[in-house]
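Here is the structure we will look at.
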Amino acid sequence: MQDSALRNCAYSNNLGIVGTIGTVTVVTSGTGVQVTLTANSGFSFKLQGGDILFDTSATLTAGNIENLLIDGKYVPTFSFGGPAKRAGSTFDYNLSKMNKGTLPSGYVSADTISFFISGVTLSQFESSPGNLLAWGAHFCTASGSNCGPETGYVFSIGTPVPEPGTLSLLGTGLVGLAGFFRRRLFS
């Protein structure tokens, strides 16, 4: 199976903020996919009362979610279920209650959330090849571990991003074509 990555940019949110809130990267890794949500500067992901929402054609349970990290700190407990409706959008699954474990007291938002989903393939996060299913997140208008004055929900549909091997093959092919045409031009 080809190792691929996808990135979702935050295209819409219920606060009317223009621009992207952050990214979601989903990468094939061994027997599943690694998911990483990264907030842009000035934003963070809400933990207490917050949600990470997504669609997939896979049938998942809490047992499929492994190694949940909040800003690099391990969180052994969380809630997982679905379907969930937030701000008028419905998603297959909802990862929430991520404020336990090794997080310091008062840690209510995060710049990065990552977790592994076992037993799935990247194609189970696509409606068709290259067309990703939706992701959503509860966000805050401040960076770091303290939520800002406003919170909202951001929803996105991803755009495939070629993995580095594909990009290097494309670059090699372009260099080869340039050499071929240069030889033909000067001969």
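The values are calculated or read from the model by the stated rules, or taken from the named source; none is laboratory data. These numbers come from a predicted model, not from an experiment. Here Cβ is always computed from backbone atoms with ideal geometry, including for glycine, and neighbour counts include all displayed protein chains.
Quick notes
- If you go through region 136-155 and keep only what is aliphatic (A, V, I, L, M) and within 9 Å of Lys46 (Cα to Cα), you end up with just Ala137.
- When the test is whether a residue is within 17 Å of Thr20 (Cβ to Cβ) and acidic (Asp, Glu), Asp51 does not pass it.
- Here Phe45, Phe78 are screened, and the one residue that is surrounded by 18 or more Cβ atoms within 10 Å (Cβ to Cβ), closer than 16 Å to Ser109 by Cβ, free of Cβ contacts under 8 Å to residues at least 24 places away in the same chain and of a type in the set (Phe, Trp, Tyr) is Phe78.
- Cβ-Cβ contacts under 6 Å between residues 6 or more apart (or on different chains), taken from a first residue in region 11-29 that is of a type in the set (Gly, Ala, Ser) to a second residue that is surrounded by fewer than 19 Cβ atoms within 10 Å (Cβ to Cβ), are listed as Gly22/Thr38; Gly22/Asn40.
- Among residues of region 93-107, those that are surrounded by fewer than 18 Cβ atoms within 10 Å (Cβ to Cβ) and either at pLDDT 85 or above or among the β-branched types (Val, Ile, Thr) (or both), counted: 2
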